[in-house]
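Shown next, in structure tokens, is the structure this report addresses.
The values are calculated or read from the model by the stated rules, or taken from the named source; none is laboratory data. What you are looking at is a predicted structure, and each value in this text was computed from that prediction instead of being measured. Because the Cβ atoms are built from the backbone with ideal geometry, glycine has one as well, and the counts that use them run over all protein chains shown. Accessible surface areas use protein heavy atoms only, side chains included; no ligands, DNA or RNA. Shrake-Rupley method; radii C 1.70, N 1.55, O 1.52, S 1.80 Å.
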Amino acid sequence: MTLITVAITVETPAEVLEALRTATQQVQAGARIVEWRVDALAEDAGALDAITRLVRESPAPCIVTIRSASEGGGYRGDDTDRVSLIEAIGTADPGPRYIDFELLHLSRSANIRQKVLLAVDHARQVRDLKTSLILSTHDFKGRPNDLARRAAAMWQDPACAIAKLAWRARSVRDCIEAFELLLQAPKPTVALCMGPFGLASRVLAAKFGAFLTYARADGDPGTAPGQPTVRQLRQDFRFDAISKNTRVFGVIGWPIEHSLSPLLHNTGFSAVGFDGCYLPLPIPTEWEHFKATMHALIDFKPLDLGGLSVTLPHKENLLRYVRESGGVIDAISERCGAANTLLVEANGRLRAINTDAPAAVAALAVGMQMRAQASAALAAGGTPNSIDGGLAARVGWSAMRVAVLGAGGAARAIVAGLSLAGAQVFIFNRTHERAEAIERDLHRQPLPGGGESHVVAGRLGEIASGHFHAFVNATSVGMEGGADISGNPLPNDIQLHPQVVVMETVYTPRITPMLRMATERGARVIDGAQMFVKQAEMQFQLFTGTEAPAGLFQQLVQQALAI
Ligand code: NAP
């Protein structure tokens, strides 16, 4: 079992009490080992007393680490003093369960080696206690060229009880190398990748049998870049449920750290008892990055990659990748020219699927039907804008005129989905040529039952006079971090009233300027979370073969967006 180790930095004797309190909280939260990072404290005159108190009162077995600045730590003093302090800590009573020391420094001189080993052996031989040496190596800049040689040196050293290799991942692919090291390790080993690409190595340490994984306390910056908190490991990533049989899923995008998908899918896995773990997997924009990482994830069979959600900017890349790999592409992905879901089937075959398009259609359909129930008294007929909203459900999509604002990836999926459903779709975009390109592309593809899609690229100035049953914003206008958070893609002179549906795809913030205006003018609104939740529920079913628990994803999104 891989032990969650909370790393706590203590810089002065005055911080000891608070550090012990934090450690107790983190052990209650599920940490099994406490690492006392006493790099700066080690240079204080009262270091030995303070550190022995930390060891004595530690709420769980502990590691004492005085990391030198040359290996990314905060100890800048003389190395002889550091080693003497380690010797004193190790021979004190009680001594720590583990002492961490760097491979590079241990092999530097026979004297250093002798003293460090004395600290470990004293406890073991004199007091019959088990103090073990964690021999470690770090590279905060990247993967060391001699990584394999360092691993071999630690594995062959009889003094090394636990080998620890940590380096800054240059891409998610480095995590795969960490897993390979763990699989071939002849003794307890820790192989971790630091930085934003390294999270998978920290979470899936449990799948590949690492001795421990490091975590930080809530609100603490951590002792290395990319450390999750103890709570995140256990609650968000299902750390306790991970075993070597766990299937791996994830979301690929750039940037991806704020994605809600890991929360939804991991909570869903727990709710239905599915043995899976879902991770954010950042891949930079370029096709070559995408291709190389996909190869690495798919070809490394011990990973058990079951599927991926794919978001900006890789939806087109996914289609290309699956096509070039001889996989299967579903009709709607072909139609959109993009896919947001990859399935890796048991026989290794890849399937590209688009859940954005059906999710958008379903969200819009629900909105229209709900409106019918809520306003059954409203008379149908007259101009299209006054048609009862239940019409889509009763007479089908062919009677519905839908204006889609935007011509990017999301708009393309929504237009493809709606036109496949049979709606009359009108695209309005700042760059008119992009709207025309969608019209052209979809006209080239006949509908499955024969006939042509009804897709028209309109001019922005024509939105207000177009008589639409529904408006869908698929631009990034109104989005947090987007081009114009206070913007509204609908013109001010638009006629909105209770018979018109206004749907948003932007879900941060939940209420955009467009939705606010639509609500004020009495239109029925569908927020961007509806489409997001539906596409995630569809993916969940594809990944697990089980329906997402009713209402769970909606509830999680509402909580996460603090609605
Ligand atoms: P994209 O490919 O980058 O397209 C962006 C679109 O927004 C383009 O049509 C662009 O027009 C337009 N735009 C950007 N800034 C504008 C401005 N200042 N004024 C007018 N138009 C502007 O992005 P995407 O992937 O399609 O995503 C678009 C939106 O959909 C995002 O807000 C995203 O969060 C949302 N989305 C939601 C879901 C969901 O599940 N709810 C799923 C996917 C996407 P030009 O062509 O003129 O540049």
Item to check | segment 462-491, residues that are more than 15 Å from the ligand (Cβ to nearest atom) and in contact with a Leu (Cβ under 8 Å, 6 or more places away or on another chain) | outcome: 469, 470
Checklist entry - What number of residues in segment 393-423 are assigned to a helix (DSSP H, G or I) and either within 12 Å of the ligand (Cβ to nearest atom) or under 28 Å from residue 482 (Cα atoms) (or both)? => result 11
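Working only within segment 492-507, note down all residues that are more than 36 Å from the chain's Cα centre (by Cα) and within 16 Å of the ligand (Cβ to nearest atom).
Pass one, segment 492-507, residues more than 36 Å from the chain's Cα centre (by Cα): 492-500.
Matches in segment 492-507: 492, 494.
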Checklist outcome for this item: Residue pairs within 8 Å by beta carbon, gap of at least six or interchain, first lying in segment 445-462 and in contact (Cβ under 8 Å) with a residue 60 or more places away in the chain, second of a type in the set (Asp, Glu), listed first then second, are 445/334
Checklist entry - How many residues are touching a residue at least 40 places away in the same chain (Cβ under 8 Å) and in contact with a strand residue (DSSP E or B) (Cβ under 7 Å, 6 or more places away or on another chain) if we restrict to segment 430-444? => result 1
Checklist entry - Within segment 198-228, how many residues are surrounded by fewer than 20 Cβ atoms within 10 Å (Cβ to Cβ), over 16 Å from residue 30 (Cβ atoms) and touching a residue at least 12 places away in the same chain (Cβ under 8 Å)? => result 4
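Just to be sure, is residue 459 farther than 12 Å from residue 528 by Cβ, open to solvent by 70 Å² or more (accessible area, probe 1.4 Å) and within 11 Å of the ligand (Cβ to nearest atom)?
Numbers: farther than 12 Å from residue 528 by Cβ: yes; open to solvent by 70 Å² or more (accessible area, probe 1.4 Å): yes; within 11 Å of the ligand (Cβ to nearest atom): no.
Criteria not met by residue 459.
Within segment 515-551, count every residue that is of a type outside the set (D, E, K, R) and open to solvent by 30 Å² or more (accessible area, probe 1.4 Å).
Let us first name the residues in segment 515-551 that are of a type outside the set (D, E, K, R), namely 515, 517-519, 522-523, 525-526, 528-533, 535-536, 538-546, 548-551.
Those still in the list that are open to solvent by 30 Å² or more (accessible area, probe 1.4 Å) too: 519, 522, 525, 530, 538, 541-542, 545-546, 549-551.
Within segment 515-551, residues that are of a type outside the set (D, E, K, R) and open to solvent by 30 Å² or more (accessible area, probe 1.4 Å) number 12.
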Checklist entry - Would you pick out the residues in segment 72-83 that are in contact with an Asp or Glu (Cβ under 9 Å, 6 or more places away or on another chain) and surrounded by fewer than 18 Cβ atoms within 10 Å (Cβ to Cβ)? => result 76, 77, 81
Item to check | Residue that is open to solvent by less than 20 Å² (accessible area, probe 1.4 Å) and either over 25 Å from residue 274 (Cβ atoms) or part of a strand (DSSP E or B) (or both), where the choices are 182, 133 | outcome: 133
Checklist entry - Out of all the residues in segment 502-514, which are open to solvent by 10 Å² or more (accessible area, probe 1.4 Å) and in contact (Cβ under 8 Å) with a residue 60 or more places away in the chain? => result 505
Checklist entry - Restricting attention to segment 467-486, which residues are farther than 21 Å from residue 417 by Cα and open to solvent by less than 10 Å² (accessible area, probe 1.4 Å)? => result 478
Next on the checklist: What are the pairs with Cβ atoms under 8 angstrom where one residue, in segment 229-245, is in contact (Cβ under 8 Å) with a residue 12 or more places away in the chain and the other, located anywhere, is open to solvent by 40 Å² or more (accessible area, probe 1.4 Å) and hydroxyl-bearing (Ser, Thr, Tyr)? Sequence gap at least six, or different chains.
Outcome noted: 238/270; 241/270
Checklist entry - Does segment 84-97 hold any residues that are open to solvent by 20 Å² or more (accessible area, probe 1.4 Å) and in contact (Cβ under 8 Å) with a residue 60 or more places away in the chain, and which are they? => result 97
Item to check | Scope segment 274-303; condition among the small types (Gly, Ala, Ser) and either open to solvent by less than 10 Å² (accessible area, probe 1.4 Å) or under 14 Å from the mean Cα position of the chain (by Cα) (or both); matching residues | outcome: 276
Checklist outcome for this item: In segment 1-45, residues that are under 31 Å from the mean Cα position of the chain (by Cα), surrounded by fewer than 19 Cβ atoms within 10 Å (Cβ to Cβ) and among the charged types (D, E, K, R) total 2
Item to check | residue 448, sole failed condition from (1) at pLDDT 95 or above; (2) more than 15 Å from the ligand (Cβ to nearest atom); (3) of a type outside the set (D, E, K, R) | outcome: (1)
Item to check | Qualifying residue in segment 357-374 (condition: surrounded by fewer than 16 Cβ atoms within 10 Å (Cβ to Cβ), within 20 Å of residue 525 (Cβ to Cβ), at pLDDT below 90 and of a type in the set (Gly, Ala, Ser)) | outcome: yes
Checklist outcome for this item: Taking first residues from segment 400-415 that are farther than 14 Å from residue 437 by Cβ and second residues anywhere that are of a type in the set (D, E, K, R) and within 7 Å of the ligand (Cβ to nearest atom), the pairs with Cβ under 8 Å that are 6 or more apart or on different chains are 410/356; 413/356; 414/356
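Does residue 292 qualify as being of a type outside the set (Lys, Arg), assigned by TED's automatic domain parsing to the domain that holds residue 322, farther than 21 Å from residue 557 by Cα and in contact with a Lys or Arg (Cβ under 6 Å, 6 or more places away or on another chain)? It would help to see each step written out before you state the result.
Values: of a type outside the set (Lys, Arg): yes; assigned by TED's automatic domain parsing to the domain that holds residue 322: yes; farther than 21 Å from residue 557 by Cα: yes; in contact with a Lys or Arg (Cβ under 6 Å, 6 or more places away or on another chain): no.
Judged against the criteria, residue 292 is not a match.
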Checklist entry - Mind checking which residues of segment 508-543 are within 13 Å of the ligand (Cβ to nearest atom) and small (Gly, Ala, Ser)? => result 528, 529, 536
Item to check | Within segment 325-358, considering residues that are within 15 Å of the ligand (Cβ to nearest atom), more than 21 Å from the chain's Cα centre (by Cα) and part of a helix (DSSP H, G or I), the one nearest to residue 307 (Cα to Cα) | outcome: 333
